[in-house]
């Protein structure tokens, strides 16, 4: 049994924000706003209102990448709750993390830091495509005296050119390196084409017999906005024996949000996927 000693979200967030080199002041992106339209000031209310609206999605239901990148790492996005997600806490209690662990799309680092602290047998690497997220995660690691406990790297798991990836993702010795991949709200942000590139990257990085724990928003969540919904049928199309995977478990789950967004909870599913 472990005891979390994380600081309060408000304290940790405000102190970590002071160390960031850049925060946007407005919610503004040319792929979501009309020509000449200026976005609202970037604050909790404006961000949550936009992400909870149909404007957050492209025509095929995928979150707009520029908006996603613009709000990520500000500490204002509804999924940046400044604590580990409930499903991650549950997986820790079930002793699911050991060996080399990759947090794919780590955001501001709360899940990765929690796993590293609670699981002494886990060597955690956390990767995100948004540099500001890694700045925030590094600031949090510093506040918790954990800079040596987690490897934080900026990297795009959709990038297929190894020369443009950090060594932690591109060096030949990193192939088939990780025992566990944690995907907390990453897969459900991708288009079909990007899903293929992402899954190919995970397959390259994961050991044979390695496991992915993937928490995605369920199609049972019917409120507008938010990330793409992922039905079980979609997962079985991507992850199946023909493609070298097996979905070992599917269980009802939740996504925790900021309490002012959807009351703080959304319906999700947790998938346990093994590389054959």
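Looking at segment 206-220, which of its residues are within 28 Å of residue 71 (Cα to Cα) and surrounded by 19 or more Cβ atoms within 10 Å (Cβ to Cβ)?
The initial filter retains those residues of segment 206-220 that are within 28 Å of residue 71 (Cα to Cα), namely 212-220.
Residues satisfying the conditions are 212, 213, 214, 215, 216, 217, 218.
With segment 140-239 as the region, which helices (runs of 4 or more DSSP H) entirely inside it contain at least 3 residues that are more than 20 Å from the chain's Cα centre (by Cα)? Please lay out each step first, then the result.
Details: elements: 167-170, 192-205, 232-238.
In segment 140-239, the matching helices (runs of 4 or more DSSP H) lie at 232-238.
Among the listed residues 107, 61, 73, identify the single one that is modelled with pLDDT under 95 and either under 15 Å from the mean Cα position of the chain (by Cα) or crowded, with 24+ Cβ neighbours inside 10 Å (or both). It would help to see each step written out before you state the result.
Details: 107 fails: modelled with pLDDT under 95; 61 fails: either under 15 Å from the mean Cα position of the chain (by Cα) or crowded, with 24+ Cβ neighbours inside 10 Å (or both).
After ruling out the rest, the residue left standing is 73.
How many residues are in a loop (DSSP other than H, G, I, E, B), surrounded by fewer than 22 Cβ atoms within 10 Å (Cβ to Cβ) and touching a helix residue (DSSP H, G or I) at 6+ places or on another chain (Cβ under 9 Å) if we restrict to segment 82-95? I'd like the intermediate steps shown before the answer.
So the first thing to find is which residues in segment 82-95 are in a loop (DSSP other than H, G, I, E, B), and the list is 82-85, 94-95.
Going one step further and asking which of them are surrounded by fewer than 22 Cβ atoms within 10 Å (Cβ to Cβ), we end up with 82-83, 94-95.
Now restrict to residues that are touching a helix residue (DSSP H, G or I) at 6+ places or on another chain (Cβ under 9 Å): 82-83.
Looking only at that region, the number is 2.
Being at positive phi and modelled with pLDDT of 95 or more is the filter here, so list the residues in segment 217-248 that pass it.
As a first pass, look at segment 217-248 and keep what is at positive phi: 225-226, 244.
Result: 244, single match.
Give me a count of the residues in segment 256-272 that are out of contact with any helix residue (DSSP H, G or I) (no Cβ under 8 Å at 6 or more places or on another chain) and part of a strand (DSSP E or B). Let's see the steps before the verdict.
Of segment 256-272, the ones out of contact with any helix residue (DSSP H, G or I) (no Cβ under 8 Å at 6 or more places or on another chain) are 259, 262-267, 272.
Okay, now just the ones that are also part of a strand (DSSP E or B), so 265-267, 272.
Summing the residues that are out of contact with any helix residue (DSSP H, G or I) (no Cβ under 8 Å at 6 or more places or on another chain) and part of a strand (DSSP E or B) in segment 256-272 gives 4.
Looking only at segment 93-102, decide whether some residue is out of contact with any strand residue (DSSP E or B) (no Cβ under 6 Å at 6 or more places or on another chain) and touching a residue at least 60 places away in the same chain (Cβ under 8 Å). Write out each step before concluding.
First, the residues of segment 93-102 that are out of contact with any strand residue (DSSP E or B) (no Cβ under 6 Å at 6 or more places or on another chain): 93-96.
Still in the list and also touching a residue at least 60 places away in the same chain (Cβ under 8 Å): 96.
The answer is yes; a qualifying residue exists.
Quick one: in segment 119-139, which of the residues that are part of a loop (DSSP other than H, G, I, E, B) and more than 16 Å from the chain's Cα centre (by Cα) is nearest to residue 85 (Cα to Cα)? Write out each step before concluding.
Filtering segment 119-139 down to residues part of a loop (DSSP other than H, G, I, E, B) leaves 119-121, 129-130.
Pick out the ones that are also more than 16 Å from the chain's Cα centre (by Cα) and you get 119-121.
Numbers: 119: 16, 120: 19, 121: 20 Å.
Per the stated criteria, the residue is 119.
Could you please find all residues in segment 96-118 being part of a loop (DSSP other than H, G, I, E, B) and touching a helix residue (DSSP H, G or I) at 6+ places or on another chain (Cβ under 6 Å)? Break it down stepwise before answering.
Within segment 96-118, the first condition is being part of a loop (DSSP other than H, G, I, E, B), and the residues that meet it are 96-98, 105-109.
Correct list: 97, 106, 107, 108, 109.
Restricting the first residue to segment 144-165 and requiring it to be outside the structural domain of residue 131 (by TED's automatic domain parsing), which pairs with a second residue that is surrounded by 16 or more Cβ atoms within 10 Å (Cβ to Cβ) meet a Cβ separation below 8 Å and a spacing of at least six or different chains?
That search, which allows pairs on different chains as well, returns nothing.
The values are calculated or read from the model by the stated rules, or taken from the named source; none is laboratory data. From a predicted model like this one, the values you see are computed outputs, not experimental measurements. Heads up, the Cβs are rebuilt from the backbone with ideal geometry, glycines too, and the neighbour counts pull from every protein chain shown.
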